Amino acid sequence: FTTSATTVTFGTSVNFNSTSTGNITSYDWSINNTSIGSNQSASYQFNNVGNFWVVLSLNNSDPNCMEIDSVLITVLCDIQSTFTSSITSVNPGTPITFTSTTTGATSYQWYIDDVPQASTPSFINTFTNEGGYMVYLVSCNTNCCDTSEYQLIKVGLCESKEANMWYF
């Protein structure tokens, strides 16, 4: 069978069409074991993020004859969490501004080394200790949430052995 897409964003409808020929007596379209149609073609709107198996089962008048085909549909969040930082390498005590560049987000959560920091579109943080810090942003809208890539922030000159040992 054919499909109009295999990777889509939240809320997108995907069309499916059987290209099988012969004496077909029944079509059964299902997504993750839930029936969505019984015609030669079917359509489904994906309103959840994740991976979904679409399965087409075909039957004819012979009860011993069945054809099954499937395809994996990947549904992504309809926002992509991204941000910028004013600088990525600083001396201790220097403030850094982090700004979301995510479009369509309604909520934000900033993290430094997996510790929540702020829930605003941008925030300023002053790192007081030398070392490496991982910063990331989780942005959400009414449909789903997305996590940005990690940004490494290097604080200090790392002249001592202890300050130069960063663990991620």
message = Along the Cα→Cβ direction, 7 angstrom out, place labels at Ser41 and Thr142. What is the inter-label distance in nm?
response = 3.0 nm
query = Could you give the length gained on full extension between Thr94 and Thr3, defined as 0.36 nm per residue of separation minus the Cα-Cα distance, in nm?
reply = 27.5 nm
task = Choose one of Gly104, Ser81, Phe127: the residue whose Cα lies farthest towards the positive end of the charge dipole of the stretch 4-156 (beta-carbon charges +1 Lys, Arg; -1 Asp, Glu; about the Cα centre).
result = Phe127
note = For the chain, whose charge dipole is built from +1 on Lys and Arg Cβ atoms and -1 on Asp and Glu Cβ atoms, the candidate among Val155, Val8, Cys145 with its Cα farthest towards the positive end is Val155
query = When the accessible area of the stretch 1-59 is split by element with a 1.4 Å probe, what percent falls to carbon and sulfur?
reply = 42 percent
key: Label zone at Tyr150 (point 7 Å along Cα-to-Cβ), backbone N below 17 Å, the stretch 88-118   = 88-89, 110-117
message = Under the rule a/c < 1.5 gives rounded, and otherwise a/b versus b/c splits prolate from oblate, where does the stretch 6-51 land using the Cα gyration tensor?
response = prolate
key: Estimated inter-spin distance, Ser107 and Asn15, nm [label 7 Å along Cα→Cβ]   = 3.7 nm
key: Anisotropy class of the chain from Cα gyration tensor, a/c 1.5 cut   = prolate
query = Relative to the Cα centre, what is the charge dipole magnitude of the chain, using +1 at the beta carbon of each Lys and Arg, -1 at the beta carbon of each Asp and Glu, and rounding to the nearest 20 debye?
reply = 280 debye
ask   = Rolling a 1.4 angstrom probe over the protein heavy atoms, how many square angstrom per residue are accessible across the stretch 33-115?
value = 58 Å²
inquiry  = Below 8 Å between Cα atoms, with a sequence gap of 6+, how large is the relative contact order for the stretch 1-121 in percent?
reply    = 20 percent
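The values are calculated or read from the model by the stated rules, or taken from the named source; none is laboratory data. Here the structure is a predicted model, which means the values were calculated and not measured. Every residue, glycine among them, receives a Cβ derived from its backbone with ideal geometry; neighbour counts consider all protein chains shown. Just the protein is used for accessible areas: all its heavy atoms, side chains included, with ligands, DNA and RNA removed. Shrake-Rupley method; radii C 1.70, N 1.55, O 1.52, S 1.80 Å.
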